Amino acid sequence: MAGGNEIRILRAGDRAAVAWKNGGGVTREIAAWPEGAGLADFGWRISLAEVAADGPFSGFPGVDRTLTLAEGAGMDLTVAGARRLVDERYAPQDFPGDAPTDCRLLDGPVVNFNVMYRRDRVRAQTAVVRGTLVLATAPGETLLVVALRGPAELEVGTGPEAGTGPEAGTGPETGTGPDTASGPVALGPYDAVRISGGNACGLRTRGHAAVVRLAARPGR
C-alpha cells in the first residue's frame, strides 16, 4: 500500500485546483495511491471537492466513496434513485461511486471531503474526531489525517507512547516539507499528514479532523 516508513506533511497551499471528470466542479487532491495515479487507475484517492452548482456527480466504476460535508449548508442527493440528504457537517456518509448521483445544493456552494477507493482492492475507514488521541499504523497500512476545522497538532513518534504526554504538540514545528517528519507539527485548515509503515503519533485538535485508515485487501 505504501513504501517503507513514512510521515509526510501535505500542505493545503501546495494543491492545484483541477476540474471534475464531468466538468461540474473543482477538486484539490490531497493524496492518492499509487503515487501519481490518475482518475482511471488510482487504488484510493482523497480530495476536497468544491461544489458551486446543482448537477450530476462524476461516475467511477468499481469505486466506493465516503463523503463528508466540510463547508456550506449541504446537498440533497439522489443516489441510484434514492434520496440522500447531506446536511450535517463532519458526518461521513458512504455510497457507491458508480451509482448515478445527482446533486441539488440546499443553500449555496459547499466543500466536501471526499475519499474514493476501489472496492475490490482497498479497505477504507473514515472518522471525524475531536480532542486528543493516539494513532498508529500497522505495516502495510496508511493513515491520512486532515484538519477540517480549527487548528490541529500532531506529535510524531515511532512507538505507541507517541504524543500521550501533556507536552504533545506544544513545541516548535518541525518537518513541514513533503519529506519524512519528526516532532510536533502544527496543521492549519486542510493541511494533512500521511503516515505509513508502522509509525505512531498523537493527535490533538480543538476543532474537527478527519482520520482515514487505508489498507490493501488480502491478496492485493
Worksheet item: So SER47 fits all but one of (1) surrounded by fewer than 13 Cβ atoms within 10 Å (Cβ to Cβ); (2) at pLDDT 95 or above; what number is the exception?
Response: (1)
Worksheet item: Does VAL111 satisfy the criteria of being modelled with pLDDT of 95 or more and of a type in the set (A, V, I, L, M, F, W, C)?
Response: yes
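Which count do you get for residues in segment 33-44 that are in contact (Cβ under 8 Å) with a residue 60 or more places away in the chain and open to solvent by less than 30 Å² (accessible area, probe 1.4 Å)?
Total meeting the criteria: 3.
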Discussion item. Any residue in segment 115-132 that is on the phi > 0 side of the Ramachandran plot and at pLDDT 95 or above sitting within a Cβ distance under 8 Å of a residue that is open to solvent by less than 30 Å² (accessible area, probe 1.4 Å) and not acidic (Asp, Glu)? List the pairs, counting only those 6 or more apart or interchain.
Written reply: GLY131/THR205
Worksheet entry | Top-ranked residue of segment 97-130 - restricted to ones that are part of a loop (DSSP other than H, G, I, E, B) and of a type in the set (A, V, I, L, M, F, W, C), ranked as surrounded by the most Cβ atoms within 10 Å (Cβ to Cβ) | ALA99
Worksheet entry | Looking only at segment 79-94, and only at residues there that are part of a strand (DSSP E or B) and farther than 21 Å from VAL146 by Cα, the one that is least open to solvent (accessible area, probe 1.4 Å) | VAL79
Response to the item:
Of the residues in segment 4-32, those that are farther than 19 Å from ASP191 by Cβ and buried (at least 19 other Cβ atoms within 10 Å of the Cβ) number 1
Practice prompt. Only residues that are part of a loop (DSSP other than H, G, I, E, B) and in contact (Cβ under 8 Å) with a residue 40 or more places away in the chain: list them for segment 57-78, please.
Written response: PHE57, GLY59, PHE60, GLY62
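The values are calculated or read from the model by the stated rules, or taken from the named source; none is laboratory data. What you see is a predicted model; the values in this text were computed from it and never measured. Cβ: placed from backbone, ideal geometry, glycine included. Neighbour counts: every protein chain shown. Accessible surface areas use protein heavy atoms only, side chains included; no ligands, DNA or RNA. Shrake-Rupley method; radii C 1.70, N 1.55, O 1.52, S 1.80 Å.
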